[in-house]
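J.: One structure follows; several queries about it will come next.
None of the figures in this text is laboratory data; all of them are computed from the coordinates on show. Everything numeric in this text was worked out from a predicted model, so none of it was measured. Note: ideal-geometry Cβ built from the backbone for every residue, glycine included; neighbour counts use all protein chains shown.
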């Protein structure tokens with residue numbers, strides 16, 4: 001990178017230190033994604049809300065990968081395993097346990113988180129290629145289980161999920177029924193995403209999150225200064241898997257069809273694509289990457305699905321070779337052109353050691 | 001007799017995996033590049049051989065060799081243009097870029113050859129059964145076992161007995177020191193990359209009867225190739241042979257004995273093995 005390094009720019013996250021409560025004018029853009037999301041709800045014609053929900057679900061999934069892969073540096077090619085667990089768990093629960101979506105969401109999230117933490121305990125002792133092969137193996141094991149356990153998952157026919165109860169039915173409020181246009185589902189997904197975003201923000205700003213930043217860059221040194229490296233990684237991985245499970249559960253409730261595709265290697269790859277496209281370790285990168293991917297995919301795949309695969313492949317190659325920091329990095333550079341220096345710039349490239 | 005069927009089928013399957021994966025183990029062992037797109041070269045080999053056999057009437061074995069040469073040449077170009085900038089980047093960048101190459105290969109093959117798997121183009125002399133003393137056995141699988149064994153022997157000779165092999169082993173063990181004593185590691189790597197891609201193309205061409213060629217080939221079998229390489233130990237030639245045969249036999253045994261489990265058995269074993277020996281069964285010596 002040939003950008004001038006200003007002395008004031010420490011490798012900090014590109015987030016305000018004081019949280020949402022004290023927005024300076026410069027930070028008003030933090031509201032932009034949520035304003036756009038709400039505007040989308042009110043402005044688009046009926047029929048497009050399901051697409052919007054899809055975007056929100058994928059943003060949440062990508063955000064979960066950003067925690068594990070971006071911040072903690074856990075290279076995983078099996079994150080779809082936990083998305084799938086959440087989706088199947090939520091789907092099965094609607095028909096077999098309780099139609100209440102929030103209960104289902106919480107249980108599916110907890111299940112994915114526990115499974116993530118347990119498998120994390122095993123695999124996070126290893127490093128590099130062995131570790132990402134282990135994540136692949138776990139995803140393949142989950143896939144085979146879902147494929148063979150037909151009585152619960154429906155095997156390769158997939159699982160059709162009944163319509164969940166109204167959103168807040170548990171509290172006696174029947175106003176938010178899941179409608180055909182998917183408007184309730186959209187608001188539901190947006191609320192869950194918002195809650196998870198606040199949690200993710202809090203985590204990456206906390207000492208815990210900072211210690212993971214250090215672990216990613218130099219685990220040995222972190223161990224030397226007394227950080228319980230393995231426990232920290234397990235905790236972050238568990239949280240990330242829980243979040244992925246939430247995304248899966250949202251999809252099960254909103255789309256009401258869960259298939260083996262939600263456990264496939266392809267999905268694990270695609271979510272990594274979305275993350276890198278948007279920019280890792282930026283939180284908002286997940287928003288940009290997933291929205292870009294899902295919307296352009298929706299448009300291009302309608303023309304020719306294989307044409308789209310070519311576009312994705314070429315995009316990946318181009319981003320890796322030429323665009324460090326993804327779309328967020330690109331925005332930074334454009335902003336820098338207009339003289340508005342942002343503090344997160346060195347973040348994208350500053351940990352290449 | 002079931003045990004012989006499992007063993008022979010498993011070895012034939014394992015030999016195909018070995019021929020395709022052996023190039024990958026050198027790539028990942030020597031330059032530490034995670035090359036997920038390796039299977040794309042095997043797929044290309046399968047397509048090219050099939051086209052040559054059908055449309056140009058070239059016999060089976062020469063077609064496989066020509067396909068191998070074409071894949072090797074393409075591999076060389078890819079190494080010089082796409083892979084070389086990757087060596088300095090992290091594992092994540094390598095994983096993503098090569099995953100992108102898989103997508104491109106899927107799109108390109110669908111565009112050119114259509115989405116459906118191509119029919120096997122096996123010659124007459126490979127069809128049918130041959131008497132192996134106590135029973136009959138498909139000629140094609142025996143052919144695979146024979147070719148695989150011959151290639152393994154040839155590779156063993158090249159790697160363990162030739163000057164080129166000595167340099168290669170030195171570079172895998174300690175690239176820095178190999179450079180210091182005057183070995184041109186970059187050239188060595190380009191050459192082995194070409195060789196590995198050629199072998200993958202060859203394996204894809206002759207193994208089409210076991211791993212059918214379709215546009216999603218590189219994605220579908222990617223994990224199998226990686227398993228062979230990682231279980232065997234990165235950069236370990238003996239390891240990848242052992243791992244390929246083991247994977248072949250375990251998968252085949254699973255299909256015959258507990259078909260309801262699918263690939264579950266293999267994955268449980270892979271998972272356990274990787275936890276037990278993260279560096280593979282027969283790891284190459286590395287200085288790090």
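J.: What's the exposure ranking of B:134, A:83, going from fewest to most Cβ atoms within 10 Å?
T.: Details: B:134 8, A:83 32.
Listing B:134, A:83 from fewest to most nearby Cβ atoms yields B:134, A:83.
J.: Under the definition of Cα pairs under 8 Å and six or more residues apart, what whole-number percent is the relative contact order of chain A? Let's see the in-between values first.
T.: Numbers: 544 pairs, mean separation 110.2, N = 353.
It comes to 31 percent, rounded to a whole number.
J.: Hey, can you rank B:124-131, B:250-257 by average C-beta count inside 10 Å, highest first?
T.: Details: B:124-131: 11.4, B:250-257: 17.5.
So the peptides B:124-131, B:250-257, ranked by packing, come out B:250-257, B:124-131.
J.: For chain A, find the longest principal axis of its Cα atoms and tell me its angle to the long axis of helix A:128-148, 0 to 90°, nearest 10.
T.: Rounded to the nearest ten degrees, it is 10.
J.: Can you give the average number of partner chain beta-carbon atoms within 10 Å of each beta-carbon in peptide A:315-327, as a whole number? Before the final figure, lay out each step's value.
T.: Numbers: counts 2, 10, 9, 2, 4, 13, 7, 1, 0, 2, 0, 0, 0.
The shielding value for this peptide is 4.
J.: Then there's this: With angles folded into 0 to 90 degrees, how steeply does helix A:326-337 sit against the dominant principal axis of chain A? Use alpha carbons for both and round to 10.
T.: 40 degrees
J.: Let's test the formula: R0 of 60 Å, r as the Cβ-Cβ distance of residue A:181 and residue B:161. What FRET efficiency results, to the nearest 0.05?
T.: Details: r = 72 Å, r/R0 = 1.19.
Using R0 = 60 Å, I get an efficiency of 0.25.
J.: Compute a Gaussian network model of chain B, connecting alpha carbons closer than 10 Å, and tell me which residue from B:262, B:45, B:233 fluctuates the most.
T.: B:262
J.: Another one. Hey, got the average number of other protein chain Cβ atoms within 10 angstrom for residues in A:270-280? Mind showing how you got there, number by number?
T.: Numbers: counts 2, 0, 4, 4, 0, 2, 7, 1, 0, 0, 1.
What the average comes to for A:270-280 is 2.
J.: Still on this structure, please answer the following. Rounded to whole Å and sorted largest first, list the principal axis extents of the Cα atoms in the protein assembly as shown.
T.: 78, 58, 48
J.: Only Cα pairs within less than 10 Å get springs; with that Gaussian network setup on chain A, which residue of A:166, A:272, A:314 has the largest fluctuation?
T.: A:314
J.: Over what distance in Å are the Cα centres of segment A:53-68 and segment B:172-247 separated?
T.: Answer, in whole Å: 34.
J.: If you don't mind, another one. Alpha carbon centre of segment A:233-309 versus segment A:108-138: separation in Å?
T.: Each part's Cα centre sits 18 Å from the other's.
J.: To test your reading of the geometry: what angle, between 0 and 90 degrees and rounded to tens, separates the Cα axis of helix B:222-232 from the longest principal axis of chain B?
T.: Approximately 60 degrees, to the nearest 10.
J.: Under a 10 Å cutoff between Cα atoms, tell me which one of A:205, A:96, A:183 has the largest fluctuation in the Gaussian network model of chain A.
T.: A:96
J.: How many Cβ atoms of partner chains, on average, are near each residue of B:88-97 if near means within 10 Å of its Cβ? Walk me through the numbers before you get to the answer.
T.: On the way: counts 1, 4, 5, 7, 10, 6, 2, 9, 10, 8.
The mean count of partner-chain Cβ atoms within 10 Å per residue comes to 6.
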